[in-house]
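To start, the structure itself, in structure tokens.
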Amino acid sequence: MNNFNYYNPCKIVFGDDVEKEIGQNCLDLNVKKVLLHYGGGSIKKNGLYEKVIASLKASNIQYVELAGVKPNPRLELVREGIAICKKENVDLVLAVGGGSVIDSAKAIACGFYVEDIWEYYLDSSKVLEKALPLGVVLTIPAAGSETSSSSVITEEATNLKRSAGTKHMIAKFAIMNPKNTYSLPDNQIAYGVSDMFAHIMERYFSQTTGVDLGDRLLEANMKNILRIAPLVFNDKENYTLRAEIMWAGTLAHNGILGMGRDEDWASHLIEHELSGEYDIPHGLGLAIVFPAWMKYVCKDNMPRFTQFASRVFGIEYAHDNGEYAVSEAIKAMENFYKSIGLHTRLSDISINADKFDVMAERLFFKRGTTVGQFKKLNKADAVNIFNLAK
Ligand code: NZQ
Ligand code: ZN
């Protein structure tokens, strides 16, 4: 096990009706005025918007609004948000939505204190030292941004989708009511499940040894998601199922499950090139990239992959048929994605090989020569993975 630091001070307020506590959580931070940041309107349709406003008003918290965050959030709106916060003397950014809204809010909160926030997304060696406090009201279990320390933003003109991270991006509080996810359409449920599952696998597929407790925790989360996720689609207002999925998504990405081990993240970075170029949902891209990545790298640590096959999918194997077990596990993974309505090949979503080289080139823009830890991948490897995902 590697040495590690664990720091995640986000206060999680989880359960039915917890939106009522938004105002009090702002008061606890001495906040007087918030930027209420949200997306394309789902919170107005499902009634959450009124509840947020009611809680702010009950605590005499003033607010200004900035709506319109798109999935794969854009830099332009971030810049608009920063300008509003400065003009209006905002002292907390309140994100009401999913990963895209939260990531946009994080960029605004940090951008408040620097000259050009985009520089920090382009250059991971630049350190963000300060941010406005951030509060989150989560509406979709998926990206885990509600407690993570990072944000992913796209610059539309260049299709560059890049992340930045700092402890200052960790929300001060996250309000999580599973009922606020009842209104999710099926495709968004599936994208979210794929993303949280990927966050677990990015940590699970590690070359670090002596991390069996971490392995077992990661396996428990994967097995529970495999069990619960298919049930949600036919039982939309089942509170227990929604609560399990919501909590799974947070635990997948709040950092605790990766402690003491090298994490991989190559599949995520490769996927970000796909969603940067084609504006596809991140969770869909991951369902396509991850199986291809698995096929490409499994030989670099077969015991870890056979452990995944047997412990997560219950695939039996003998000492001399590990490869068979691993290929069955990858098939099982693909079947799971399909069972929840996701595609697992680029051709299924009409993406051909035209841009493989462009995306592989851009993957390394200002980023060194390899990505990933399980197997360090270069540009040619990235193209090979795109080809395996065709
Ligand atoms: O915009 P609205 O109208 O709210 O609709 C959203 C959006 O269209 C809709 N939605 C959300 N909650 C809903 C709902 N519709 C009905 N009822 C609800 N309760 O869902 C759509 C997708 O929302 P989005 O926020 O884009 O989803 P998600 O949470 O999957 O976020 C994806 C983004 O997060 C980034 C991804 O790259 C992507 O840009 N990630 C952020 C991470 C982080 N900061 O730690 C880590 C992840 O790996 C990921 O990269
Ligand atoms: Zn992700």
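The values are calculated or read from the model by the stated rules, or taken from the named source; none is laboratory data. Given the structure is predicted, the values throughout are model-derived calculations rather than measurements. Every residue, glycine among them, receives a Cβ derived from its backbone with ideal geometry; neighbour counts consider all protein chains shown. Heads up: the accessible areas ignore ligands, DNA and RNA and are worked out on the full protein's heavy atoms, side chains in. Shrake-Rupley method; radii C 1.70, N 1.55, O 1.52, S 1.80 Å.
Below are the figures for this structure:
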| quantity | calculated |
| --- | --- |
| Shape call, region 297-390: gyration tensor on alpha carbons, a/c limit 1.5 | oblate |
| Residues of region 270-307 with amide N under 11 Å of a point placed 7 Å along Cα→Cβ from Asn321 | none |
| Derived scalar couplings ³J(HN,Hα) [region 126-132; Karplus, 6.51 cos²θ - 1.76 cosθ + 1.60; whole Hz; x for Gly, Pro] | 7, 9, 7, 9, 7, 7, 5 |
| Percent carbon-and-sulfur accessible area, region 62-207, ignoring ligands, DNA and RNA, probe 1.4 Å | 47 |
| With eigenvalues of the C-alpha gyration tensor scaled by 5 and rooted, region 11-181, Å | 24, 17, 14 |
| Cut-off 15 Å between beta-carbons: net charge of the residues surrounding Gln373, Lys and Arg +1, Asp and Glu -1 | 0 |
| Residue-normalised accessible area of region 115-200, given per residue in Å² at a 1.4 Å probe | 33 |
| Contour minus Cα-Cα distance for Ile349 and Tyr182 (0.36 nm per residue) | 57.4 nm |
| Rg(Cα) / (2.2 N^0.38 Å) computed for the chain, rounded to two decimals | 0.96 |
| Relative contact order [Cα under 8 Å, 6+ residues apart], the chain, whole percent | 16 |
| C-alpha long axis of helix 186-204 to longest principal axis of the chain, angle in ° | 60 |
| Phi-based couplings in Hz for region 350-362 (Karplus 6.51, -1.76, 1.60; Gly and Pro marked x) | 6, 9, 9, 7, 3, 9, 4, 5, 4, 5, 5, 4, 5 |
| Proximal charge balance of Glu50 [Cβ under 15 Å; K/R count +1, D/E count -1] | +3 |
| Net +/- balance of residues flanking Met302 in space, Cβ distance below 15 Å, scoring K and R +1, D and E -1 | +1 |
| Backbone N under 13 Å from the Lys11 label point (7 Å along Cα→Cβ), restricted to region 132-149 | 134-136 |
| Antiparallel bridge percentage (DSSP; both residues within the chain; nearest 5) | 25 |
| Leu92, Leu269, reordered so the largest accessible area comes first (probe 1.4 Å) | Leu269, Leu92 |
| Ordering of 190-201, 249-260, 369-380 by packing [mean C-beta count within 10 Å, highest first] | 190-201, 249-260, 369-380 |
| Cα pair distances exceeding 25 angstrom across region 186-388, given as percent | 35 |
| Entries in Lys70/Lys106; Lys223/Lys338; Lys172/Lys375; Lys295/Lys379 that, when Cα-Cα distance is taken, lie over 24 Å | Lys172/Lys375 |
| Helix-only mean residue ellipticity at 222 nm for the chain, each DSSP H run of n ≥ 4 adding -39500 (n - 2.57), per residue, nearest 500 | -15000 deg cm²/dmol |
